[in-house]
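Working notes for the structure below.
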Amino acid sequence: MTNIKQNNKMDTLKYIKEAHNHQKGKVCSKCNKHQPLSEFYKDKTRPTGLSYDCKSCYKEYYANKCPFKKWFDGKKGRAKRDGIEYSIKPEDIPGVKIREVITISKYPNQYRKTYKSWEGEEYPKVCSKWGIELNWNMTGISQYNSPSLDRKNPTKGYIPGNVRLVCQSYNMAKGNCPPDEWDVIEKKIGRSILFGKNK
């Protein structure tokens with residue numbers, strides 16, 4: 001009898017522990033599966049301090065996310081850190097067209113939510129200044145042909161009418177050159193790209 005009581009007590013403690021651990025998790029809004037809290041990214045903007053989607057669902061979403069949207073979404077935060085005015089929308093960049101995307105969560109009907117977003121329908125594939133083909137493969141490592149947002153007038157912010165999409169090499173060259181010398185140097189670099197170094 002004593003052994004039975006001890007076994008029942010152990011089973012009860014085990015059940016309580018499992019229930020307690022279960023409470024430390026939450027349901028993913030995408031896959032609708034209960035996941036441990038460790039499977040969610042931290043997000044200070046959410047009431048729970050964690051993302052709505054589990055890490056697996058987020059990685060799948062990000063892998064299939066529009067390359068232009070991936071690129072554009074990071075621009076505002078960087079401008080804010082640098083203290084530069086930023087008031088553009090994606091359509092303010094020449095050559096860009098977007099379309100609305102509606103996503104419905106997989107929660108049961110009474111909890112189901114609809115999310116509105118956008119993705120790039122058309123966006124430049126070559127540098128608007130040097131004609132270099134842009135690499136939209138977002139690897140997190142900037143390359144010479146990575147897309148870059150240029151301010152036509154560096155004294156102004158990222159505002160409508162003052163932005164264009166160029167390659168990283170163009171923006172770096174412009175940023176490292178005195179403003180009063182850039183027009184001459186830009187033409188020389190452009191000619192070398194088009195016709196060779198000796199032109």
| query | Which cross-chain or sequence-distant (5 or more) residues have an amide H under 5 Å from the amide H of Leu50, H modelled 1.01 Å from N in plane? | reply | Asp43
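Within the set Lys55/Lys80; Lys55/Lys75; Lys59/Lys174; Lys24/Lys113, which residue pairs have Cα atoms separated by over 25 Å?
Values: Lys55/Lys80 27 Å; Lys55/Lys75 23 Å; Lys59/Lys174 35 Å; Lys24/Lys113 23 Å.
Among Lys55/Lys80; Lys55/Lys75; Lys59/Lys174; Lys24/Lys113, the Cα-Cα distance tops 25 Å for Lys55/Lys80; Lys59/Lys174.
May I ask you to derive the FRET efficiency for Thr48 and Asp92 from their Cβ-Cβ distance with R0 = 35 Å, giving the value to the nearest 0.05?
0.50
For Asn135, what charge total do you get from the other residues with a beta carbon under 14 Å from its beta carbon, if Lys and Arg give +1 and Asp and Glu give -1?
Numbers: positive: Lys70, Lys125; negative: Glu133.
Value of the local net charge: +1.
None of the figures in this text is laboratory data; all of them are computed from the coordinates on show. Predicted model, so just to flag it, every value in this text is computed and none were measured. Neighbour counts run over all protein chains shown; Cβ positions are idealised from the backbone, glycine included.
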